[in-house]
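Take a look at the structure below.
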Amino acid sequence: MGVAAIAAAAFTYADTRREIVRLSTDLAQVRLTLDLLRQGTPGSAGTSTDTAALADLENRLAVLEENWRTSAATAAPAALAPATTATADAGDCLPTATRFLVSAGDTWPVCNSPAVVEVASVEPGYLTLLDGSVVAAGGNFPLLGSACMLAVLSAGTAELSSYAEIRVTC
C-alpha cells in the first residue's frame, strides 16, 4: 500500500512539474510576443497594423489557452513510460547531459532517443525551435515525442550572439 502511495505521489509530482514547465514556456512566448510587438511599433504607426498585431496576439493567446485546457483534460499516464530506442548511434548525435553549442538551422538527433533538436533561431535571451516552441535562457522544455528535456543554459550572449548553449537530459 505504501509503495502504491509513493508511486502515485511520484506520478503527481512529475505530471505537475511537466505542466509547470509547459506553462512557463507559454508565458515566455507571450512575453516575447509582447516585447516584439512593443519594439516593432514606432510611435506613429498605422492603426491597421496595430489592430492586426493585437488580433494576432489575441488569437495566439486563445490557442495557448485551448491547448492548455485540452492537455490538462487528456493527461495520460503513458507519458511516464519512456520509449527509448537506439537511434542515431551510428552517426553524429547529441549526447545527453553534455553542454553543446547550437546555432540557427542546426538539427541534432539525441543519442539513444527518438528526440531531435531542431533549432530555428537564436536570439538574445531565448532559443526558438523549428516547431515554434520558444525556450528562454535558463529554462527547460520537454522535447516532443520523447522523455527528454532541453535546457537552454545561455542564448545569444554578447560574445556568441548567434549561438545557444544547450543540454539535453533523458
Next item on the list: Report the local net charge at Ala137: Lys and Arg +1, Asp and Glu -1, summed over other residues whose C-beta lies under 11 Å from its C-beta.
Entry: -2
Item checked: Taking all pairs of distinct alpha-carbon atoms in region 1-40, Kirkwood radius in angstrom -> 12.2 Å
Next item on the list: Work out, step by step, the length gained on full extension between Leu64 and Leu130: first 0.36 nm times the residue separation, then minus their alpha carbon distance; give nm to one decimal.
Entry: 22.0 nm
Note to self: Order Cys170, Cys93 by their accessible area, 1.4 angstrom probe, all chains in place, largest first.
What the structure shows: Cys170, Cys93
Checklist line | In sequence order, calculated HN-Hα J values of region 125-131 (Karplus, 6.51, -1.76, 1.60; Hz; x Gly/Pro) | finding: x, 7, 10, 10, 8, 5, 7
Notebook entry, point to check: Hey, rough spin-label estimate for Ala104 and Leu34, points 7 angstrom out along Cα→Cβ, what's it come to in nanometres?
Noted result: 2.6 nm
Item checked: Descending principal axes extents, region 97-170, alpha-carbon based, whole Å -> 33, 22, 17
Margin query: Modelling each spin label as a point 7 Å along the Cα-to-Cβ direction, I'd like the Ala8/Thr51 distance in nm, to one decimal.
Written below: 5.5 nm
Note to self: As a test question: what accessible area, to the nearest 10 Å², does Thr96 have when a 1.4 Å probe is rolled over all protein chains in place?
What the structure shows: 60 Å²
Notebook entry, point to check: Using r as the Cβ-Cβ distance of Asp92 and Ile20, and R0 as 30 Å, what FRET efficiency do you calculate, to the nearest 0.05?
Noted result: 0.35
Next item on the list: Could you please state how large a percent of the accessible area of region 116-170 is carbon and sulfur, counting protein chains only and using a 1.4 Å probe?
Entry: 54 percent
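The values are calculated or read from the model by the stated rules, or taken from the named source; none is laboratory data. In this text, all values refer to a predicted model and were calculated from it rather than measured experimentally. Using ideal geometry, Cβ is built from the backbone for each residue, glycine included, and neighbour counts are taken over all protein chains shown. With ligands, DNA and RNA removed, areas are computed over all heavy atoms of the protein, side chains included. Shrake-Rupley method; radii C 1.70, N 1.55, O 1.52, S 1.80 Å.
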